[in-house]
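Visitor: Shown below is the structure under consideration.
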Amino acid sequence: MSNEKEYLPKIAMSIVAHPDDQDFTVAGTLAKWAKAGCKVISVLITSGDSGSNDIAHDADHKPVLAKLREAEQQAANAVLGVSETVFLHYPDGELVASLALRKDLTRLIRMYKPDVVVTGDPSSWFYGNEYINHPDHRAAAEAATYAVFPSAGTRLIFTDLLEAGYEPHNVKRLYIHGAEKSDTWVDIRETIDIKIEALKKHVSQTDTHEVDKWMHEWAKEEGKEKGLEFAESYRVMILQKDEEEK
Ligand SMILES: [Zn+2]
């Protein structure tokens with residue numbers, strides 16, 4: 001049924017802008033990999049501290065919201081079987097693909113040494129005719145992509161990291177979700193319920209009544225092309241083939 005024998009990384013790192021981004025998009029894949037013994041690291045660049053339009057909330061509420069959303073993400077990650085969760089505390093809604101962010105992500109990649117990094121598509125500005133991709137999503141995906149290549153594997157980029165003991169690391173594959181053209185489908189039939197359960201932990205953001213319906217519809221849509229009941233689809237950059245492993 002599937003497109004090829006599914007790849008299983010030993011260590012995977014998910015990099016997203018906001019709490020819940022991962023769980024709306026790639027959580028079925030992460031849960032599947034975690035069940036199979038993969039160590040999954042979940043990186044949140046912001047803590048979603050602008051994620052409320054309640055008129056009762058002003059600037060003072062931002063740290064409260066950040067704390068709440070970090071707790072929700074921790075709960076979701078526990079459901080998925082994520083090994084470690086890292087918050088970088090950049091401000092929500094103001095993210096740019098800066099060198100500082102690229103360096104922070106490079107440090108994490110060199111520290112955790114993932115085989116696979118999973119992120120969004122930095123080239124996706126629009127989805128359909130109703131959704132402008134959030135600039136934080138594009139910024140997160142761009143910084144993650146360029147942290148994977150060339151920064152993590154190139155010894156003399158960010159030499160202060162090298163001096164601090166972070167040796168270069170080559171990521172083998174970059175999984176890009178939300179790309180216009182997918183080339184890889186992960187069958188999530190066995191983990192779609194885990195994905196939905198994780199998503200429901202984002203109580204402050206999600207209408208939990210609608211989640212089941214939407215997630216089933218999205219996963220069906222993503223799997224349709226390959227005849228899969230429920231899937232998450234990716235464009236995958238294969239940066240190092242397994243036979244090149246040392
Ligand atoms: Zn988001």
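Visitor: Each residue of the range 232-240 in turn: what ³J(HN,Hα) in whole Hz from Karplus with 6.51, -1.76, 1.60 and θ = phi - 60°, glycine and Pro shown as x?
Guide: Couplings: 10, 10, 9, 9, 10, 8, 9, 8, 8 Hz.
Visitor: Using θ = phi - 60° and the Karplus form 6.51 cos²θ - 1.76 cosθ + 1.60, what ³J(HN,Hα) does each residue of the range 196-209 get, whole Hz, x for Gly and Pro?
Guide: Karplus-based 3J(HN,Hα) across the range 196-209 equals 5, 4, 5, 4, 5, 6, 8, 4, 5, 10, 10, 7, 5, 6 Hz.
Visitor: Next question. Quick check: convex hull of the Cα atoms in the chain, volume per residue, rounded to a whole Å³?
Guide: 128 Å³
Visitor: Same structure, new question: Once you mark the GluC sites (Glu not before Pro) that are in a DSSP loop and have at most 11 other Cβ atoms within 10 Å, what is the longest gap between them in the chain?
Guide: 5-93
Visitor: Using modelled amide H (1.01 Å from N, peptide plane; none on Pro or chain starts), what sits under 5 Å from the amide H of MET13, excluding residues fewer than 5 places away?
Guide: Distant-sequence amide H within range of MET13: ILE41, VAL116, VAL117, VAL118.
Visitor: Collect residues whose amide H, placed 1.01 Å from N in the peptide plane, falls under 5 Å from the amide H of ILE188; neighbours closer than 5 in sequence don't count.
Guide: Answer set, sorted by chain and number: PHE230, ALA231, GLU232.
Visitor: Could you give the size of the charge dipole of the range 115-246 about its Cα centre, using +1 on the Cβ of each K and R and -1 on the Cβ of each D and E, expressed in debye and rounded to the nearest 20?
Guide: 140 debye
Visitor: Additional query: List the residues whose amide H sits under 5 Å from the amide H of TYR90, counting only those 5 or more places along or on another chain, with H placed 1.01 Å from N in the peptide plane.
Guide: Here THR46, SER47 satisfy the definition.
Visitor: In whole Hz, what ³J(HN,Hα) sequence does the range 88-104 give by Karplus (6.51, -1.76, 1.60; θ = phi - 60°), x for Gly and Pro?
Guide: Coupling constants for the range 88-104: 9, 6, 6, x, 5, x, 10, 7, 10, 7, 7, 5, 4, 5, 4, 5, 4 Hz.
Visitor: With charges only on Cβ, +1 for K and R and -1 for D and E, what is the dipole size of the chain about its Cα centre, in debye, rounded to 20?
Guide: Details: 29 positive and 42 negative charges, 179 e Å.
Using only the charged Cβ atoms, the result is roughly 860 debye.
Visitor: Right, next: Please sort by residue number the trypsin sites (Lys or Arg not before Pro) in the range 175-241 whose DSSP state is loop and whose Cβ has at most 16 other Cβ atoms within 10 Å.
Guide: LYS181, ARG189, LYS226, LYS241
Visitor: Add +1 for every Lys or Arg and -1 for every Asp or Glu among the other residues with Cβ under 11 Å from the Cβ of ASP187, and state the total.
Guide: With Lys, Arg at +1 and Asp, Glu at -1, the net is -2.
Visitor: Please figure out what share of the DSSP beta bridges in the range 11-244 is antiparallel and state it in percent, rounded to the nearest 5.
Guide: Working: 11 of 29 bridges.
About 40 percent, rounded to the nearest 5.
Here, each number is a calculation from the coordinates, and none is a lab measurement. What you see is a predicted model; the values in this text were computed from it and never measured. So basically every Cβ, Gly included, is an ideal-geometry build from the backbone, and we count neighbours across all protein chains shown.
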